[in-house]
Amino acid sequence: MDYSELVEAINKDDMKKANDLCAKILPILKKYLIATAGASPENAEDAVQRMFEYVIPKIQNNEIKSPSGILSYMLTGARHSYYKTLKVYDSDYFEQIDDQVVSEPDQTWRLIDEEKESILLWCLKQLKGHYRSLVKFMFDHPNADAEDIAEHFDITVNNVWIRKHRAIQQLNECVRDKIDK
């Protein structure tokens, strides 16, 4: 399912289509909360409904910048809504989950992460030399600020911001193109 259709339907004020899409999305998000957060079906449904009450006005106000990322936004919003409910109504819950052992991510997520990493590495190699060296420096020195980078490359701070912006933009385009293939 293309979740960006929900953004398009709301932006076009097609509430019938938006309601149909929400009805299709609700059980998916509900199952997500049940599986990942241990929510009861009723609490999961309430959390998803509250998430929609929050997300739909954001879409209407053009605050959602990436329609393709709407699923991630909704998953995060539903999870936060559920945890907020627990915090208000079940203060013992957070004390209980502190004692639980966190399980390792499953193999599927590791494979996805490995694929994303290989795509990013491939795209890094496609950058022009000065962009590639800037990104490599930023990875090697994650705490470096713009002044540190400017000093290292003997460029102005303004030039650092411009190069950083362009490098990130090129990486985003490359990764997007590679994923869409």
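Distance from the alpha carbon centroid of region 159-180 to that of region 15-83 works out to 29 angstrom.
Taking the C-alpha atoms only, the angle from helix 129-140 to the longest principal axis of the chain is near 60 degrees. Per-residue 3J(HN,Hα) values for region 114-122, derived from phi via the Karplus relation 6.51 cos²θ - 1.76 cosθ + 1.60 with θ = phi - 60°, read 5, 5, 4, 5, 5, 5, 4, 4, 4 Hz in sequence order (x marks Gly and Pro).
Using unit Cβ charges (K, R positive; D, E negative) and no other charged atoms, how large, in debye to the nearest 20, is the dipole of the chain about its Cα centre?
Numbers: 24 positive and 31 negative charges, 168 e Å.
Charge dipole, the chain, about its Cα centre: 800 debye, nearest 20.
The ranking of Asp20, Asp13 from fewest to most other beta carbons within 10 Å of each one's beta carbon is Asp13, Asp20.
Here the Debye sum runs over all C-alpha atoms of the chain as equal scatterers in vacuum, and log10 of I(q)/I(0) at q = 0.15, 0.16 Å⁻¹ comes out as -1.05, -1.08.
Counting only C-alpha contacts under 8 Å and six or more residues apart, can you give the relative contact order of the chain as a whole percent? Rounded, it is 16 percent for the chain. For Lys31, the lysines whose Cα comes closer than 23 Å to its Cα, not counting residues fewer than 8 places off in the same chain, are Lys17, Lys84, Lys87. If only the Cβ of Lys and Arg carry +1 and only the Cβ of Asp and Glu carry -1, the dipole of region 4-98 around its Cα centre is close to 300 debye.
The phi torsions of region 11-18, fed into the Karplus equation with coefficients 6.51, -1.76 and 1.60 and a -60° offset, translate into couplings of 5, 8, 6, 8, 5, 5, 5, 4 Hz, rounded to whole numbers, with Gly and Pro shown as x.
Tell me, in nm to one decimal, what length is gained between Lys178 and Glu115 on full extension, where the rule is 0.36 nm per residue of separation less the Cα-Cα distance? Each step should come with its number before you reach the end.
On the way: separation 63, 0.36 × 63 = 22.68 nm, distance 1.08 nm.
Here the segment from Lys178 to Glu115 would lengthen by 21.6 nm.
Laboratory data are not the source of any read-out in this text; all were calculated from the coordinates shown. For clarity, every value in this text was computed on a predicted model and none was experimentally measured. All Cβ positions, glycine included, derive from the backbone under ideal geometry; neighbour counts span all protein chains shown.
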